[in-house]
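Quick notes on the structure that follows.
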Amino acid sequence: MVASHAAPTLLADLGGTNVRFAISHPDRERPMLEESIRRYHVADFGSLGEAAAEYLRDTGLEARRAIIAAAGRIVDNESVKITNNPWQISSRELAGKLKLESVHLVNDFAAQSMAVLLLQPKDLVPVGPLALPEPGHDEEQTFVIVGPGTGLGVGGLLLRPGGRSSILQTEGGHAGFAAHTAEDIEILRYLNVRFGRVSSERLLSGQGLVNLYDAICAIQGKKAEALKPEDVTRLAETGADTLCEQALETFAGIFGSVSGDLVLGIGGWDGVYLTGGMIPILLPWVQKGLFRQRFEAKGRFQETMATVPTQAIMNPEPGLVGCAAMSVAESGGKLMHRFN
């Protein structure tokens, strides 16, 4: 729904561990106020309403509307149960508690998909040899947005001539994992015994990295240590544990396979944006080659996949940037992509 005029808008990016807030002024060229960004721990509050009220008290800022990006499936545009945290959100209840004109709930990766329209070239790092995509051409374009964090998020962005855009709100991270190599099959077998059904998120997430480490240890007959995701990455980066290194390399390869499958699934031939809280840590491993190798290894479509660019979003707040883009669209403003 398009609002009749621009108004200060509360932005929230809600994940399994943290919630980030900011304020947008949709009538400005750079709508999100960088100095307004704050992060709060989900575990410290009983509800999103409590956290948002604390944010507004802390900053002294005001808002008349809100756009909430949440890691979960939006039901009837009115409610969402967050996939990896205990909060359940009702747009009507939140609007009443915060005395707002409206609250718009969107999937977190729908917001990250919209962020593409406000990102600057400095926010992006190429993965592989291809040039960065240039959203905003005259012809229709389709992009995939995918990234690991607490879970695995998947979204899509369809750009049409005349500046029109549509976003695909998906739960693609919960699709079943497809094994592509002999090692994948061994990992899948181990995780199947442990969890039953194995989704891509079981491998491509913070906990997924630990699951991969555990599986690799089991396959090689080694005893797995009780590690956290940050332990695996630290031991891999320092070269202190070859099994942790193998877990990161395997993660990067599987991430490439899953990202390539998403291109095939939604026709995202114009490019893939890699995002999520783990990307800054994973980037060196993703850039080493296995990601692109397995991204392109799609049988009869290998030549086509070799022409699809991939790039990492390094802006630390893509969810909030996407919510700011939505605030502009909902107020009737124009989103002119900054690459043009």
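The values are calculated or read from the model by the stated rules, or taken from the named source; none is laboratory data. These numbers were taken from a predicted model, which means no experiment stands behind them. In this analysis, Cβ positions are derived from the backbone assuming ideal geometry, glycine residues included, and neighbour counts consider all displayed protein chains. Accessible surface is based on the protein model in full, side chains and every heavy atom, while ligands, DNA and RNA are left aside. Shrake-Rupley method; radii C 1.70, N 1.55, O 1.52, S 1.80 Å.
Remark: V80 matches the filter, which requires a residue to be in contact with a strand residue (DSSP E or B) (Cβ under 8 Å, 6 or more places away or on another chain) and at pLDDT below 90.
Rundown of residues vs (1) among the charged types (D, E, K, R); (2) more than 16 Å from G268 (Cα to Cα); (3) in contact with a Gly (Cβ under 8 Å, 6 or more places away or on another chain); (4) touching a residue at least 12 places away in the same chain (Cβ under 8 Å), yes/no style:
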| position | (1), (2), (3), (4) |
| --- | --- |
| L159 | no, no, yes, yes |
| G163 | no, yes, yes, yes |
| H180 | no, yes, no, yes |
| Q207 | no, yes, no, yes |
| A215 | no, yes, no, yes |
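Checking the stated criteria, A95 turns out to be assigned by the TED database to the domain that holds C323 and either at pLDDT 90 or above or surrounded by 20 or more Cβ atoms within 10 Å (Cβ to Cβ) (or both). Of all residues in the stretch 236-252, those that are assigned by the TED database to the domain that holds K288 have Cβ atoms under 7 Å from Cβ atoms of residues that are of a type in the set (S, T, N, Q), 6 or more apart or on another chain, in L248/T233. Which condition number in (1) farther than 19 Å from G176 by Cα; (2) surrounded by 23 or more Cβ atoms within 10 Å (Cβ to Cβ); (3) among the polar types (S, T, N, Q) is the one that Q302 fails? Here Q302 meets the rest and fails (2). Per the listing L212, L188, the residue uniquely open to solvent by 30 Å² or more (accessible area, probe 1.4 Å), assigned by the TED database to the domain that holds L282 and part of a helix (DSSP H, G or I) is L188.
Being open to solvent by 20 Å² or more (accessible area, probe 1.4 Å) and in a helix (DSSP H, G or I) is a property that holds for E245. Across the stretch 51-105, which residue is nearest to E201 (Cα to Cα) among those that are among the charged types (D, E, K, R) and under 23 Å from the mean Cα position of the chain (by Cα)? For the stretch 51-105, the residue satisfying everything is R73. Among the residues of the stretch 250-298, the ones that are assigned to a helix (DSSP H, G or I) and open to solvent by 60 Å² or more (accessible area, probe 1.4 Å) come to 8 in all.
Looking at the stretch 50-91, which of the residues that are of a type in the set (G, A, S) and under 15 Å from G15 (Cα atoms) is most open to solvent (accessible area, probe 1.4 Å)? Among those that are of a type in the set (G, A, S) and under 15 Å from G15 (Cα atoms), it is A71. In the set S165, S200, S257, only one residue is within 25 Å of the chain's Cα centre (by Cα), at pLDDT below 95 and among the hydroxyl-bearing types (S, T, Y); that residue is S165.
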